[in-house]
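The values are calculated or read from the model by the stated rules, or taken from the named source; none is laboratory data. Nothing here was measured: the structure is a model prediction, and the numbers come from that model. When we count neighbours, we look across all protein chains shown, and the Cβ atoms used for this are built from the backbone with ideal geometry, even at glycine. Ligands, DNA and RNA are excluded from the accessible area calculation, which covers all protein heavy atoms including side chains. Shrake-Rupley method; radii C 1.70, N 1.55, O 1.52, S 1.80 Å.
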Amino acid sequence: MPSEKTLTRSILTLAWPAVATNVTTPLLSLVDVAVVGHIGNSVYIAAIAVGATMFNMLYWLFGFLRMGTSGMTAQAYGGDNFAEAVRVLVRALTIAAVSGLLLIAASSWLGIRILNFIDADGAAREPAQTYFAIAILGAPGVLVTYALSGWFLGMQNARPILWMALTANTLNIILNVVFVFVCGWQIAGVGAATAISQWVSAGVGIYMIRRRIRHYAIAGWRKGVMQFQALKKFFRINSDIFLRTLCLVAVTVWFTHAGATLGVDTLSANALLMQLFMLFSYFMDGFAFAGEALAGKFKGAGDTPSLHSMIRVLTKIGLLLSAIVTLVYFFSGDAILGLLTDDGRIVSIASDYKLWAVAIPFAGFMSFLWDGVFVGLTRTRGMLVSMAVSMVVFYALYFILVDKWGNDALWLAFLSYLLTRGLVLTVLFRKTGI
């Protein structure tokens with residue numbers, strides 16, 4: 001069994017590229033906003049914001065391509081079955097490519113429906129629709145990248161994920177400048193830059209995959225690629241993750257909706273505070289990814305003692321990171337909020353609810369870490385159960401308390417939702433073990 005020091009090194013080696021990827025990912029939208037902000041028409045900024053929301057809603061539902069792939073690949077890796085790891089990759093890439101092409105085929109219908117859902121009207125609607133219609137051409141590239149990221153993580157190598165993200169971001173910046181300022185394509189140029197950078201990022205990942213497969217000299221992987229039982233397991237795992245994601249989206253969307261019903265100032269203040277949650281999640285997701293890779297590897301190898309030891313080390317790291325972030329938010333939360341907006345009134349309102357955001361790290365860190373472990377173990381039904389129970393807790397507390405506590409009830413419901421996810425997963429793991 002590896003020592004605690006060795007496990008810590010393995011976790012950090014897998015976590016830091018994932019954390020860096022998470023931090024750089026928002027740069028795609030940031031660059032798009034910065035470029036259109038210099039075109040000279042403020043409507044384009046609103047259009048990009050709407051377009052980014054449209055893609056977030058759409059692509060979020062396909063997160064199963066990464067999570068499902070990483071768990072099954074890690075187990076194959078742990079069992080020294082590299083041919084099966086390649087089969088998992090081929091299945092995931094097939095589903096990703098077909099799904100991406102279907103999204104393109106249905107893009108006109110989807111664009112209108114999503115715009116109507118988020119109630120996008122006014123002058124920003126038409127340019128947002130133009131941006132969506134062009135950027136959606138990158139959908140196969142995005143979904144292929146999801147599958148590749150899951151496979152690399154399962155193979156205990158997170159660095160290619162970072163390289164794919166850096167490629168997308170760098171190329172997006174260059175193409176934005178060329179298409180918008182040189183070619184004069186305006187919002188269409190931003191959409192084209194996004195789509196092309198996503199395709200090239202996927203191409204970089206496929207190139208690195210080919211090198212990896214040659215490195216292991218994997219043979220015989222074509223046999224059983226489309227075996228019925230394997231496909232059945234693949235779709236069962238991914239359907240659990242898909243339904244779990246729907247529950248997550250339901251909570252996230254309602255949180256925004258509920259804040260809006262309490263007034264535009266409250267909505268703005270909550271949006272600021274949620275950035276603190278997102279910042280924390282960038283770090284915890286990185287360690288959750290490490291948990292995915294190592295949990296799957298130890299399960300595939302049948303090494304239960306190492307799995308339990310890894311979970312203990314991961315929990316210690318999570319506790320330490322949560323303590324650090326909590327102290328930073330407590331003492332510097334107002335300063336961080338001030339960096340996000342120049343509106344002192346909104347910062348003041350957000351400060352009234354700051355303690356809820358300060359409590360996020362300890363309330364939520366185990367939900368992130370357990371999600372990673374359960375993905376690695378491919379125990380996705382437990383993830384779905386925990387998310388469904390947590391969603392019920394969220395809505396129950398909100399509707400019971402909102403008339404008396406207002407925005408405090410919303411935040412209590414959200415923190416209880418995070419805490420419940422971690423507690424339910426803890427109970428499920430202890431009850432059934434590996």
accessible surface per residue for the chain, probe 1.4 Å, DNA/RNA/ligands not counted, whole Å² -> 44 Å²
Note to self, the chain gives a 222 nm [θ] from helices alone (DSSP H runs n ≥ 4, -39500 (n - 2.57) apiece, / all residues, nearest 500) of -29000 deg cm²/dmol
Check: C-alpha center segment 306-381 vs C-alpha center segment 55-105, spacing in Å is 28 Å
Number of Lys pairs in the chain closer than 24 Å at Cα, excluding neighbours under 8 places apart unless interchain, is 18
Hull surface over four for the Cα convex hull of the chain, reported in nm², is 21.0 nm²
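Given 0.36 nm per residue, what is the gain on full extension from Arg345 to Ile324 after removing their alpha carbon distance, in nm? Write down the numbers at each step before the final one.
Numbers: separation 21, 0.36 × 21 = 7.56 nm, distance 2.79 nm.
Additional length available on full extension: 4.8 nm.
Using the crude model of +1 on Lys and Arg Cβ and -1 on Asp and Glu Cβ, and no other charge, please compute the dipole size for segment 54-175 relative to its Cα centre, in debye to 20.
Taking the Cα centre of segment 54-175 as origin, the dipole is about 160 debye.
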Sorted by chain and then number, the residues having a modelled amide H within less than 5 Å of the amide H of Asp343, at least 5 places away or on another chain, are none
Carbon plus sulfur, as percent of the 1.4 Å-probe accessible area of the chain, comes to 67 percent
Treating every alpha carbon of segment 382-434 as one equal point scatterer without solvent, the Debye formula yields log10 I(q)/I(0) values at q = 0.17, 0.21, 0.23 Å⁻¹ of -0.52, -0.68, -0.75
